[in-house]
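K.L.:
My questions will all concern the structure given below.
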Amino acid sequence: MRIVVLGDLHFYQLAIWPWQLFSKRLLGQANLWLNRRRHFKPSLWPSVRDQVLVRAPDALLCSGDFTTTALPGEFRTASTAWAGLVEKLKPCAGAFVVPGNHDRYTFASARKHLFEAAFGQWTSREWPTQRMLGDRTHLIGLDPTRPNPFNASGHLGDEQLSKLRTCLQEVPVGHRILILCHYPIGTPEGLSDEEAGHGLQDTTALIKALAASGRPITYIHGHIHWPWKWTPPSAPNVIAINAGAPMLISNRYPQGQGFLEIEIPDESGEAEYSRQEPDGEGGWQNASP
Ligand SMILES: [Fe+2]
Ligand SMILES: [Fe+2]
């Protein structure tokens, strides 16, 4: 089974009405005008979409941050792009998404359930949520996002953590566990720590829950716009993978960061992780995750 994971897409809309700025969105739009739009290139989407189709995944996931300031127009663009891709996948392919903090950027966007309205058939209103990918792979989705006027932090809370512990206990031995959540559980050695106001407030409790399960877990996330794969020292049973941002350009990734691929063997055996990355000459190449 091949699973493709898209990270932070961050579709955006620049032209908005003045009354849409009476919120944290004023800050987000200022950042968008001054900075973000120079680096996020929605024009890369057709190439990303077409390469996902070339890879013909059995399941397609997204780790959230479809939008930038959770405007209705951004959700329309993002859900149209996503739906257009999903409908071209092979008929039996599954698709699932979790929200990112930018998809609940303002209290109004969360109250009006704009994310659920846009992605309802591919997401959940109950968290954690569980989906089967094939017969033996359990995908558990988490949602720590909440509108926050001051920063970009997330919080799972005791109830979601407690239900997650139960979910993990109930997965039959021998089955695989994937967790999809927008926020990372730390950063690999050599990269600077995430700022407190940007991360998951209950990361320590989450890592404890993952470690206590004793089960091999692949934890897939986004939020920090840089692909990586590592194992946190306090949870040696966990592989944490950052899917990266497909439409974010930089010196290292002049055509975007590509997307994550997970190959899961039908029977027992190790899953394989790789990334599809633009090769700079109009093609794509395999890269390390
Ligand atoms: Fe993001
Ligand atoms: Fe984020």
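The values are calculated or read from the model by the stated rules, or taken from the named source; none is laboratory data. Keep in mind it's a predicted model, so treat the numbers as computed, not measured. Neighbour counts run over all protein chains shown; Cβ positions are idealised from the backbone, glycine included. Heavy atoms of the whole protein, side chains included, go into the accessibility calculation; ligands, DNA and RNA do not. Shrake-Rupley method; radii C 1.70, N 1.55, O 1.52, S 1.80 Å.
K.L.:
Kindly provide the helix-only [θ] at 222 nm of the chain, computed as the sum of -39,500 (n - 2.57) over DSSP H runs of four or more divided by all residues, to the nearest 500 deg cm²/dmol?
P.N.:
Helix contribution divided over all residues of the chain: -7000 deg cm²/dmol.
K.L.:
While we're looking at this one, here's another question. Please check the chain for the longest run free of GluC sites (Glu not before Pro) that are loop-located per DSSP (anything but H, G, I, E, B) and have at most 12 other Cβ atoms within 10 Å.
P.N.:
1-86
K.L.:
Another one. Based on Cα positions only, what radius of gyration and what Dmax would you give for the stretch 221-275, in angstroms?
P.N.:
When restricted to the Cα atoms of the stretch 221-275, Rg and Dmax are 13.2, 40 Å.
K.L.:
May I ask what percent, to the nearest 5, of DSSP beta bridges between residues of the stretch 2-287 are antiparallel?
P.N.:
Taking every DSSP beta bridge with both residues in the stretch 2-287, the antiparallel ones total about 50 percent.
K.L.:
How big is the dipole moment of the chain about its Cα centre under a simple scheme where the beta carbon of each Lys and Arg is +1, that of each Asp and Glu is -1, and everything else is neutral? Debye, nearest 20, please.
P.N.:
820
K.L.:
Using a 1.4 Å probe on the protein heavy atoms, what percent of the accessible area of the chain belongs to carbon and sulfur?
P.N.:
Answer for the chain is 53 percent, counting heavy atoms of protein chains only.
K.L.:
On the Cα set of the stretch 61-103, report Rg and Dmax in Å, please.
P.N.:
Cα-based Rg and Dmax for the stretch 61-103 come out at 11.1, 33 Å.
K.L.:
Ok, one more. Residues of the stretch 1-138: accessible area per residue at 1.4 Å, in Å²?
P.N.:
About 45 Å² of surface per residue is accessible.
K.L.:
In Å and on Cα atoms, what radius of gyration and Dmax does the chain show?
P.N.:
In Å, with Rg to one decimal and Dmax whole: 17.9, 56.
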